[in-house]
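These notes are about the structure you will find just below.
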Amino acid sequence: MFYDHKKIEKDWQKFWEENQTYKTTDKTDKPKFYVLDMFPYPSGAGLHVGHPLGYIASDIYARYKRHEGFNVLHPIGYDSFGLPAEQYAIQTGQHPAVTTEENIARYEQQMRKIGFSFDWSRELRTSDASYYKWTQWIFIQLFDSWYNKSTDKAEPISELMQHFENEGSQNLLAFQNDQLNFTSEEWKSASELDQQNILLNYRLAYRAETTVNWCPGLGTVLANDEVKDGKSERGSFPVFQKKMMQWSMRITAYSERLLKGLQNLDWPQPLKDAQEYWIGKSQGAIVTFDVEDSVEKISVFTTRPDTIFGATFIVLAPENPLVENLTIEGQKEEVENYIEQTSKKTERDRMSDVKNVSGAFTGTYALNPFTNQEMPIYISDYVLMGYGTGAVMAVPAHDERDHRFAKKFDLNIVNVIENDNDIQQESFDSKDSVCVNSEFLNGLKYDEAKSLIIAEIEKKNIGHGTTNYRQRDAIFSRQRYWGEPVPIYYKDGMPYSLPISALPLELPEVEKYLPTEDGDPPLGNAKTFGWDEANQKIVSTDLIDDENVFPLELSTMPGWAGSSWYFLRYMDPNNKEVFTDKNLSDYWGQVDLYIGGSEHATGHLLYSRFWNMFMKDRGYINHEEPFKKLINQGMILGMSAMPIIAIPKIHNLDVEKFYEFNAKNIFVSKDLIPKVDHEYLLSELDINLVDELKDLMGLNNFSENELYAFAFQPLELHIPVEFLSLSNEIDFNKTNSDYRLFNLEKSCIKNLEGKFIAHREVEKMSKSKYNVVNPDDICEEYGADCLRLYEMFLGPLEQSKPWNTQGLSGVYGFLKKFYNLYYNEDVLEISEEEPTKEEYKILHTLIKKVVADIANFSFNTSVSSFMIAVNEFQKLKTNKRKILESLAIVVSPYAPHICEELWRNLGHNTSIEFEKFPEFEGKYLVEDEIQYPVSFNGKMKFKLALPSDLTAVEIEEIALKEERVLQQLAGNHPKKIIIVPKKIINIVF
Ligand code: ANZ
């Protein structure tokens, strides 16, 4: 029977849509299971075959869980705010909403073609006002909360105000920007503005001055990874470190919980390690140093207080506010120059540039409280302002960076730890080292010395033990258009949140998506973006008078805002009253399985854990961690195609020069390379071309032999993979119509059959490498079921693997064979007979394997098991209903369309999706016959089939009557018979 994948898939996709087969209900007695994919950013390029890899895996899992009787939530949506649509808008004037809409339509169409069992009725888009209304609502909750260290959770800001009212800042343990001290009276008599200022110090969403990468050329703040060598990656504009008022999220309040929570998550270890490293917990001490002839004091954070006897100088971050007061007149110029010079470097550059130490001397000295030695105070950019206190006590004998600095500036190096002389902090081994050079600590080991010295520091009242985290608060504002407006307005410069009733604060229309002439973000161009406080509505920007109508926040939220809580919205996506009904978030709870890329390790996955914990603190949901189990799918790599170029190997002539002279390229068909010799090339080369080459390169003085020595290598001139046949032959009809490759054919030396074979190389799949394979084409030619099976078949889910279109035909062949098991020629032929033991054995071997594979996310090995089983059934001409029905269910999570079709052909009129997954029965795998190898004097002569449940005595009895045994014995008497039941028969005579 012809396997008409196109018709079958179209029919079933229509059926699923019309019948809402995958619509999830919330009212059921079934246990729940939540399978989530990281939702895509709908880019203009559409999906390539690499994108659905994780979606196929999660879809198989979701379908399997439905067969197992779970109520499965398997939704999809779009992370649809973001930069590419905005950049496109800047270039073309096209509204980002329009581009986004078009891209989403394309994504949806592509995904529907692959037959995912998403509940499309729950689809959400972060750029829809009905969604971002709740993102803004969460922002306001964060703005209205503070973190109480005593209860270890976020609490409403009203409770903090109550505390201030009752006892001022006394007895308050909170996460805050600055340590504030005031009484209840002071609070009560403070002006409204002062009170708000105080509260801002505690809010979880707060505004503060932060050092950012400011790019005036682009008019925006850039993230660290958007800056390369002091310039913007896009446009190469200079980037400066600048202090700006920015919205931040107090994620640091959650550092310890984020760290602890990792222990109970079923996530890949490298991902947990990445989060742990990012959070970066360090235990140490804050120590305060007196400054000679000054009232100033310098606090440093150190993880190695045990080395304080070797602290010989102090280094401040160039931005440290102390620098100004501590710099003497004579050093001012040097210090200021240095500050100017380092302001161009990003923090990342500063941290990675460990070789080139630089700095400047302030001219003042601190005193080491333990040695009473003078410590010169320097500034250097290896000390960061945002970490610890922005100052270090430098111990050049035991810290590598301090050591380099001391060498450069000729400073004292005092060794205080034995066996720590390689000064590698990382290689510091607490077990072997002991303190030396100070009577106080001599002979002590690391841990003992550390506790002792911290106790001493505390006793001297010059510091205390402390824990520090590398993680910083997350900057939350972006000077961009295509993001969620921040629901804040300003009164006397102070931020106030909009009332909830005013949400959503819709993204206003603007004429230009660029910053305004005054340097305001693009929202500064909006004509209607003022807040009328009395009438509680958005009004014309012209009406802003700072009395009745106030300006709204002009920056928008970052990309991670919408993605930090979308998994909660899927539970109740259409609710207009709340972000999600509490009963529903209780029912669905954690995401049981989350599949997505490892690139989100420290961004999205940290932020969403933070928001989830916050929502729990405030009582909106009941679970602390959002994602119970997580899997990172690997990448599907592309097979790029490029021509092989012949490069003249002439002494004195380098390849660069060859191109500089604009010599014509000579490409050689790949299959010629092993055979090609200079003679051949010579005969193939157009003689004019040779002369031209010589001319161009001024090579007349070279002998022919020298000229025709060639090296061969692929040239980075990517040829679109769709221009190639399966045997990698380039179709010049296609290249000739591509402007980049217009002249390619003229420079090609083809093989004897007149073909030109390209070189293939594994690279990242990307539009820029012209190696992208579109899943639509595969669905068209081989079908979605084939694509799904093939993507799984490529290899273990977590690994990266190259795409190879050729492999599809094998899987397609399997599907045809599978389909035809149910047919005799063109007639569906199903027998109601009881299957044989052998048939049951094949089926149950398969069930066992597939169940174990799905549990281990080892989808690739299931596909080969399907192939083996179908081959075996085919050999047996199996057509028994009991086998074929189970087989269809077992294959259906992987290849749902074909299985639905077969299921219906078997006489069912409901979807196969909710059929119970066949249960594995071990009894079918028990061997009832054993093939015993029979050996004589140690040599195996033949095999004897015996029932598997015989005892040694019974086996011996039968064996000694066996004709072939008697023959071998040839009348001799056996001296010894060794029998191991189920294994061997060994006869010695
Ligand atoms: C003295 C010392 C001696 C240090 C020694 C290290 C080794 P982690 O583990 O990452 O927390 N440090 C403190 N604040 C800094 C800043 N703002 N910028 C750059 N470096 C800073 O690192 C903590 C250590 O890094 C601290 O301990 C301090 O140097 C330095 F043998 O103090 B140490």
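Suppose we keep only residues that are over 37 Å from the mean Cα position of the chain (by Cα), not polar (S, T, N, Q) and not in a strand (DSSP E or B) within segment 283-304. Which one would you say is nearest to the ligand (Cβ to nearest atom)? Steps first, please.
Residues of segment 283-304 over 37 Å from the mean Cα position of the chain (by Cα): 287-299.
Remaining after also requiring not polar (S, T, N, Q): 287, 289-293, 295-298.
From the residues that got through so far, the ones that are not in a strand (DSSP E or B) too are 292-293, 295-296.
Working: Glu292: 21, Asp293: 25, Val295: 23, Glu296: 18 Å.
This residue is Glu296.
Among the numbered criteria (1) farther than 25 Å from Val227 by Cβ; (2) near the ligand (Cβ under 10 Å from one of its atoms); (3) of a type in the set (Ser, Thr, Tyr), which one does Tyr387 miss?
(1)
Quickly run through segment 150-191 and pick out the residues that are over 14 Å from Arg203 (Cβ atoms) and either hydroxyl-bearing (Ser, Thr, Tyr) or in contact (Cβ under 8 Å) with a residue 40 or more places away in the chain (or both).
Correct list: Ser150, Thr151, Asp152, Lys153, Ser169, Thr183, Ser184, Ser189, Ser191.
Among residues belonging to segment 453-484 that are more than 30 Å from Leu552 (Cβ to Cβ) and open to solvent by 70 Å² or more (accessible area, probe 1.4 Å), point out the one that is nearest to the ligand (Cβ to nearest atom).
In the first step, residues of segment 453-484 are kept if they are more than 30 Å from Leu552 (Cβ to Cβ); the result is 453-471.
Within this subset, residues satisfying the condition of being open to solvent by 70 Å² or more (accessible area, probe 1.4 Å) are 458-461, 464, 470.
Working: Glu458: 17, Lys459: 20, Lys460: 17, Asn461: 20, His464: 15, Arg470: 6 Å.
Of everything passing the filter in segment 453-484, Arg470 is nearest to the ligand (Cβ to nearest atom).
Looking at Ile56, Ile104, Ile76, Ile60, can you tell me which residue is over 27 Å from Glu625 (Cβ atoms), outside the structural domain of Gly235 (by TED's automatic domain parsing) and open to solvent by less than 20 Å² (accessible area, probe 1.4 Å)? Give the derivation first.
Values: Ile56 fails: over 27 Å from Glu625 (Cβ atoms); Ile76 fails: over 27 Å from Glu625 (Cβ atoms); Ile60 fails: over 27 Å from Glu625 (Cβ atoms).
From the options Ile56, Ile104, Ile76, Ile60, the qualifying one is Ile104.
From Lys816, Lys849, Lys882, Lys875, grab the single residue that is in a helix (DSSP H, G or I), in contact (Cβ under 8 Å) with a residue 60 or more places away in the chain and open to solvent by 40 Å² or more (accessible area, probe 1.4 Å). Spell out the reasoning first.
Details: Lys849 fails: in contact (Cβ under 8 Å) with a residue 60 or more places away in the chain; Lys882 fails: in contact (Cβ under 8 Å) with a residue 60 or more places away in the chain; Lys875 fails: in contact (Cβ under 8 Å) with a residue 60 or more places away in the chain.
After applying the criteria, what remains is Lys816.
Residue check, Phe370 against (1) in a loop (DSSP other than H, G, I, E, B); (2) in contact with a Gly (Cβ under 6 Å, 6 or more places away or on another chain); (3) more than 12 Å from the ligand (Cβ to nearest atom), all met but one. Which one?
Among (1) in a loop (DSSP other than H, G, I, E, B); (2) in contact with a Gly (Cβ under 6 Å, 6 or more places away or on another chain); (3) more than 12 Å from the ligand (Cβ to nearest atom), the lone unmet condition for Phe370 is (2).
At least 3 residues that are of a type in the set (S, T, N, Q) in each: list the helices (runs of 4 or more DSSP H) lying fully within segment 21-130 that qualify.
Values: elements: 52-67, 83-92, 96-113.
Helices (runs of 4 or more DSSP H) meeting the threshold: 83-92, 96-113.
Taking the conditions exactly as written (touching a Lys or Arg at 6+ places or on another chain (Cβ under 9 Å), open to solvent by less than 10 Å² (accessible area, probe 1.4 Å), in a loop (DSSP other than H, G, I, E, B) and of a type outside the set (Val, Ile, Thr)), does Tyr932 satisfy them or not?
Working: touching a Lys or Arg at 6+ places or on another chain (Cβ under 9 Å): yes; open to solvent by less than 10 Å² (accessible area, probe 1.4 Å): yes; in a loop (DSSP other than H, G, I, E, B): no; of a type outside the set (Val, Ile, Thr): yes.
Answer is no for this residue.
Being within 16 Å of the ligand (Cβ to nearest atom) and open to solvent by 40 Å² or more (accessible area, probe 1.4 Å), is that true of even one residue in segment 306-318? Quick ask: steps written out before the conclusion?
Pass one, segment 306-318, residues within 16 Å of the ligand (Cβ to nearest atom): 306-318.
Keeping just the survivors that are open to solvent by 40 Å² or more (accessible area, probe 1.4 Å) gives none.
No, that holds for no residue.
Please tell me if Ser352 is more than 10 Å from the ligand (Cβ to nearest atom), at pLDDT below 95 and of a type outside the set (Asp, Glu). Steps first, please.
Details: more than 10 Å from the ligand (Cβ to nearest atom): yes; at pLDDT below 95: yes; of a type outside the set (Asp, Glu): yes.
For Ser352, the condition - more than 10 Å from the ligand (Cβ to nearest atom), at pLDDT below 95 and of a type outside the set (Asp, Glu) - is met.
Any residue that is basic (Lys, Arg) and either within 13 Å of the ligand (Cβ to nearest atom) or touching a residue at least 60 places away in the same chain (Cβ under 8 Å) (or both) - is there at least one of those in segment 355-364?
Start the filter on segment 355-364 by keeping residues that are basic (Lys, Arg), which leaves 355.
Now restrict to residues that are either within 13 Å of the ligand (Cβ to nearest atom) or touching a residue at least 60 places away in the same chain (Cβ under 8 Å) (or both): none.
No; the residues of segment 355-364 include none that is basic (Lys, Arg) and either within 13 Å of the ligand (Cβ to nearest atom) or touching a residue at least 60 places away in the same chain (Cβ under 8 Å) (or both).
Any idea which of (1) in contact with a strand residue (DSSP E or B) (Cβ under 6 Å, 6 or more places away or on another chain); (2) away from the ligand (no atom under 16 Å from the Cβ) is the one Glu329 doesn't satisfy?
For Glu329, the exception is condition (1).
Please verify whether Gly280 is of a type in the set (Gly, Ala, Ser), surrounded by 18 or more Cβ atoms within 10 Å (Cβ to Cβ) and under 30 Å from Pro369 (Cβ atoms), treating the condition exactly as stated.
no
Check off (1) β-branched (Val, Ile, Thr); (2) open to solvent by less than 60 Å² (accessible area, probe 1.4 Å); (3) touching a residue at least 12 places away in the same chain (Cβ under 8 Å); (4) farther than 30 Å from Ile198 by Cβ for Thr528 and give me the number that stays unchecked.
(2)
Can Ile377 be described as touching a residue at least 40 places away in the same chain (Cβ under 8 Å), touching a strand residue (DSSP E or B) at 6+ places or on another chain (Cβ under 8 Å), more than 27 Å from Ser232 (Cβ to Cβ) and more than 11 Å from the ligand (Cβ to nearest atom)? Please lay out each step first, then the result.
Working: touching a residue at least 40 places away in the same chain (Cβ under 8 Å): yes; touching a strand residue (DSSP E or B) at 6+ places or on another chain (Cβ under 8 Å): yes; more than 27 Å from Ser232 (Cβ to Cβ): yes; more than 11 Å from the ligand (Cβ to nearest atom): yes.
Here the answer is yes, as Ile377 does meet what is asked.
Among (1) assigned to a loop (DSSP other than H, G, I, E, B); (2) crowded, with 17+ Cβ neighbours inside 10 Å, where does Ser150 come up short?
In the conditions (1) assigned to a loop (DSSP other than H, G, I, E, B); (2) crowded, with 17+ Cβ neighbours inside 10 Å, Ser150 misses (2) alone.
Among the residues of segment 575-597, which ones are free of Cβ contacts under 8 Å to residues at least 24 places away in the same chain and farther than 30 Å from Arg207 by Cα?
If the condition is that a residue be free of Cβ contacts under 8 Å to residues at least 24 places away in the same chain and farther than 30 Å from Arg207 by Cα, then Asn575, Asp581, Asn583 are the ones that fit.
Checking Glu334 against (1) closer than 30 Å to Asn442 by Cβ; (2) surrounded by fewer than 20 Cβ atoms within 10 Å (Cβ to Cβ): exactly one of these is not met. Which one?
All conditions pass for Glu334, except number (1).
From (1) within 27 Å of Pro720 (Cβ to Cβ); (2) open to solvent by less than 70 Å² (accessible area, probe 1.4 Å), pick out the condition that doesn't hold for Leu821.
(1)
Within segment 434-443, can one find any residue that is within 44 Å of the chain's Cα centre (by Cα), away from the ligand (no atom under 13 Å from the Cβ) and either open to solvent by 10 Å² or more (accessible area, probe 1.4 Å) or at pLDDT 90 or above (or both)?
Yes, some residue in segment 434-443 is within 44 Å of the chain's Cα centre (by Cα), away from the ligand (no atom under 13 Å from the Cβ) and either open to solvent by 10 Å² or more (accessible area, probe 1.4 Å) or at pLDDT 90 or above (or both).
State yes or no: is Gln170 open to solvent by 10 Å² or more (accessible area, probe 1.4 Å), outside the structural domain of Arg203 (by TED's automatic domain parsing) and out of contact with any Pro (no Cβ under 6 Å at 6 or more places or on another chain)? Working first, answer last.
On the way: open to solvent by 10 Å² or more (accessible area, probe 1.4 Å): yes; outside the structural domain of Arg203 (by TED's automatic domain parsing): no; out of contact with any Pro (no Cβ under 6 Å at 6 or more places or on another chain): yes.
No, not satisfied.
Mind listing just one residue for me: the one in segment 8-47 that is within 20 Å of Arg63 (Cβ to Cβ) and basic (Lys, Arg) and, of those, least open to solvent (accessible area, probe 1.4 Å)?
Among residues in segment 8-47 that are within 20 Å of Arg63 (Cβ to Cβ) and basic (Lys, Arg), the one least open to solvent (accessible area, probe 1.4 Å) is Lys32.
To keep it simple, each residue is scored yes or no on (1) at pLDDT below 95; (2) of a type in the set (Asp, Glu); (3) more than 18 Å from Trp137 (Cβ to Cβ); (4) open to solvent by 50 Å² or more (accessible area, probe 1.4 Å).
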position	(1), (2), (3), (4)
Lys512	yes, no, yes, yes
Ser540	no, no, yes, no
Pro558	yes, no, no, no
Met571	no, no, no, no
Lys576	no, no, no, yes
Leu606	no, no, yes, no
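Would you pick out the residues in segment 753-787 that are of a type in the set (D, E, K, R), more than 30 Å from Tyr3 (Cα to Cα) and either open to solvent by 40 Å² or more (accessible area, probe 1.4 Å) or part of a loop (DSSP other than H, G, I, E, B) (or both)? Working first, answer last.
Filtering segment 753-787 down to residues of a type in the set (D, E, K, R) leaves 753, 755, 760-761, 763-764, 767, 769, 776-777, 780-781, 785.
Still in the list and also more than 30 Å from Tyr3 (Cα to Cα): 753, 755, 760-761, 763-764, 767, 769.
Across segment 753-787, the qualifying residues are Glu753, Lys755, Arg760, Glu761, Lys764, Lys767, Lys769.
The conditions are (1) modelled with pLDDT of 95 or more; (2) more than 30 Å from Asp518 (Cβ to Cβ); (3) away from the ligand (no atom under 16 Å from the Cβ), and Leu498 fails exactly one of them. Which is it?
With respect to (1) modelled with pLDDT of 95 or more; (2) more than 30 Å from Asp518 (Cβ to Cβ); (3) away from the ligand (no atom under 16 Å from the Cβ), Leu498 is out only on (2).
Give the residues of segment 321-342 that are under 44 Å from the mean Cα position of the chain (by Cα) and of a type in the set (A, V, I, L, M, F, W, C), sorted by residue number.
Listed by number, the residues that qualify are Leu322, Val323, Val335, Ile339.
The values are calculated or read from the model by the stated rules, or taken from the named source; none is laboratory data. All figures in this text were calculated on a predicted structure; none of them were measured in a lab. For neighbour counting, all protein chains shown are included, and Cβ atoms are generated from backbone atoms with ideal geometry for every residue, glycine included. What goes into the accessible areas is simple: the full protein's heavy atoms, side chains included, and nothing from ligands, DNA or RNA. Shrake-Rupley method; radii C 1.70, N 1.55, O 1.52, S 1.80 Å.
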